[in-house]
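Engineer: Below: one structure in structure tokens.
The values are calculated or read from the model by the stated rules, or taken from the named source; none is laboratory data. Every value quoted in this text rests on a predicted model; they were computed, and no experiment measured them. In this analysis, Cβ positions are derived from the backbone assuming ideal geometry, glycine residues included, and neighbour counts consider all displayed protein chains.
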């Protein structure tokens, strides 16, 4: 809208990066976060997290499989998507994307394969018909399991998990860097961006695991492993504090510097982003879970049922918080005109190619895939051990 | 009667066949010749040029002829612009108001802001700055945006994936995604024209010679001579893009 006091460049009336680009960092955030959680057990030997380690790893793969879908839907020429690996321009922050993504995918797939190998062989031996052939294909025809192969598999899993942590951080920190390195954008351009992205990734990874872990157990009428559940809740509490504080410190420092940048950004924060950023992201979905998680972590006498529900509730709220954060960064940054004199508008539309319906579909599909994965790689079964 | 008919028919077919063949052969020669020879210039030849642009804002009258010429010449999609003109108005209270209705396609018909007396007003044409260190070239992940040897920032539309990263990176809002082709687009300084020795369409169309175009490497060129003589500025110099579009009479309000 052009009002007497506001001006945007004529080409800025259309927002280039739509809600699809909001979903991409959201999904990769869960990928990286879930992977890091699984590594807590594999690498740092947190035995309490053992019940959730495999679940975390497979969730990571389910989200990873669909992380590129919003990007492909957004590309003007998706048929040329592989140009990014065929003719990469390494001066571009974006050019490494394909390689980092593929590399990370390889690590996750290998880690899953090695951590499920013994179990899959057991299933292969017990199954019949086509299912047997599917398992045979997955285990690549190798049916050797004994004490030394199990030790060997564990070693490899530990190595991959350790190696995967920096790669997961790179994958997601890199997304932050893509935004943070755009000097033309007042809201994005900050070296802190990739650090904020890594921490928010861990928050969303922990939140989605807690949310699903409890949810699946409610549906199956089973009880969660209280120790690991509470430990994850504490981790979530800690990481969300770091993520939110980092983000607020960033805004604080811009406002204190009080340059021309703040003149524009304060209008953004108090105007277009007032509801989605100030009210929703900060007050409702950051402060809310912070208070709830503080209570569940500090009040020892709280009844377990209530405590578990509150933890589950706050994990759901934090999932929304991270989605809001992605929206406020990606869309918020594009609302600011490069003329520094006004703001443009954006609404994705309900049934558009890059609209809300498609977005919900893209978010839901990884969860359905996760359900299918559960059939192949059961998350919460007692691991089969060699006799 | 029948015999004559047969002969005539045969004759007719023969003549028809020869005529068609003749027309086809003739047209092959006629249409294979173009009135313009295709010029192939080696990179060495091209690197003798460094195309630059100069906008004398003090001369611009905001007629929008440049915007219209550009639209026609380059088939620019509706509501996107390779060049546009901004109007700045400063009123007696020091309040600044800027507008560019439809990129000044239809010039500036009404005075939108008339609550206070306007003490200063001017027009600023904008276009791709063809920066020496362009942010868009840096960020293109597939190398579709490149600097030509004669100093023009161009897009290889057969390679562009339409990710829009360059649109985000350009600090001047000069790029857009052509949704019909799914690729990025922007001003090329009318590369097809300048290769034939013609001026870009907007330069040609400007009735006030507010837009000057030329070879920065040639000390005798008009643009070089003016730059040697006048004081000028560039847009957003702090971003380190080193724009090659120079402005005479640039106001601090112009960003």
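Engineer: Please work out which one of (1) surrounded by fewer than 14 Cβ atoms within 10 Å (Cβ to Cβ); (2) at pLDDT 90 or above; (3) facing chain A (nearest Cβ under 10 Å) is the condition residue B:72 fails and give its number.
Structural biologist: All conditions pass for residue B:72, except number (3).
Engineer: What's the number of the only condition in (1) modelled with pLDDT of 95 or more; (2) surrounded by 18 or more Cβ atoms within 10 Å (Cβ to Cβ); (3) outside any helix (DSSP H, G or I) that residue B:61 fails to meet?
Structural biologist: (2)
Engineer: Restricting to region A:236-292, name every residue that is assigned to a loop (DSSP other than H, G, I, E, B) and exposed (fewer than 13 other Cβ atoms within 10 Å of the Cβ).
Structural biologist: A:258, A:259, A:271
Engineer: Here are some residues: B:166, B:174, B:170. Which one is facing chain A (nearest Cβ under 10 Å), buried (at least 21 other Cβ atoms within 10 Å of the Cβ) and out of contact with any strand residue (DSSP E or B) (no Cβ under 7 Å at 6 or more places or on another chain)?
Structural biologist: Answer to the selection: B:170.
Engineer: Sticking with this one: With B:208, B:196, B:175 as the choices, which residue is over 13 Å from residue B:55 (Cβ atoms) and in contact (Cβ under 8 Å) with a residue 60 or more places away in the chain?
Structural biologist: Being over 13 Å from residue B:55 (Cβ atoms) and in contact (Cβ under 8 Å) with a residue 60 or more places away in the chain holds for just one of B:208, B:196, B:175, which is B:196.
Engineer: Also, I was wondering about something else. Considering only residues of region B:95-111 that are touching a helix residue (DSSP H, G or I) at 6+ places or on another chain (Cβ under 6 Å) and in contact (Cβ under 8 Å) with a residue 40 or more places away in the chain, which is surrounded by the most Cβ atoms within 10 Å (Cβ to Cβ)?
Structural biologist: Ranking the candidates gives B:104 first.
Engineer: Select from region A:96-119 the residues that are without any contact (Cβ under 8 Å) to a residue 40 or more places away in the chain and more than 14 Å from chain B (Cβ to nearest Cβ) and write down the one among them that is surrounded by the fewest Cβ atoms within 10 Å (Cβ to Cβ).
Structural biologist: The qualifying residue surrounded by the fewest Cβ atoms within 10 Å (Cβ to Cβ) is A:102.
Engineer: Restricting the search to region A:296-308, which residues are exposed (fewer than 15 other Cβ atoms within 10 Å of the Cβ) and either touching a strand residue (DSSP E or B) at 6+ places or on another chain (Cβ under 6 Å) or in a helix (DSSP H, G or I) (or both)?
Structural biologist: Answer for region A:296-308, where residues must be exposed (fewer than 15 other Cβ atoms within 10 Å of the Cβ) and either touching a strand residue (DSSP E or B) at 6+ places or on another chain (Cβ under 6 Å) or in a helix (DSSP H, G or I) (or both): A:298, A:304, A:305, A:306.
Engineer: Do we find that residue A:224 is away from chain B (no Cβ under 12 Å), modelled with pLDDT of 95 or more and surrounded by 21 or more Cβ atoms within 10 Å (Cβ to Cβ) in this structure?
Structural biologist: The answer is no for residue A:224.
Engineer: Quick one: in region B:112-132, of everything that is within 11 Å of chain A (Cβ to nearest Cβ) and surrounded by fewer than 16 Cβ atoms within 10 Å (Cβ to Cβ), which residue is modelled with the lowest pLDDT?
Structural biologist: B:112
Engineer: Take residues that are within 22 Å of the chain's Cα centre (by Cα) and tell me which of the helices (runs of 4 or more DSSP H) falling wholly in region A:127-227 contain 2 or more.
Structural biologist: Of the helices (runs of 4 or more DSSP H) lying wholly inside region A:127-227, those with at least 2 residues that are within 22 Å of the chain's Cα centre (by Cα) span A:147-180, A:193-219.
Engineer: Applying the selection to region B:147-162, what residues are under 16 Å from the mean Cα position of the chain (by Cα) and within 11 Å of chain A (Cβ to nearest Cβ)?
Structural biologist: Passing the criteria: B:156, B:157.
Engineer: Mind checking which residues of region B:180-197 are part of a loop (DSSP other than H, G, I, E, B), surrounded by fewer than 24 Cβ atoms within 10 Å (Cβ to Cβ) and more than 7 Å from chain A (Cβ to nearest Cβ)?
Structural biologist: B:180, B:181, B:188, B:190, B:195, B:196, B:197
Engineer: List the number of the failed condition for residue B:91; all other conditions in (1) modelled with pLDDT of 90 or more; (2) in contact with a strand residue (DSSP E or B) (Cβ under 7 Å, 6 or more places away or on another chain); (3) surrounded by fewer than 23 Cβ atoms within 10 Å (Cβ to Cβ) hold.
Structural biologist: Every listed condition holds for residue B:91 apart from (1).
Engineer: Kindly indicate the residue of region A:309-341 that is within 14 Å of chain B (Cβ to nearest Cβ) and part of a helix (DSSP H, G or I) and also nearest to residue A:200 (Cα to Cα) among those meeting that condition.
Structural biologist: Once the filter is applied, the top-ranked residue is A:329.
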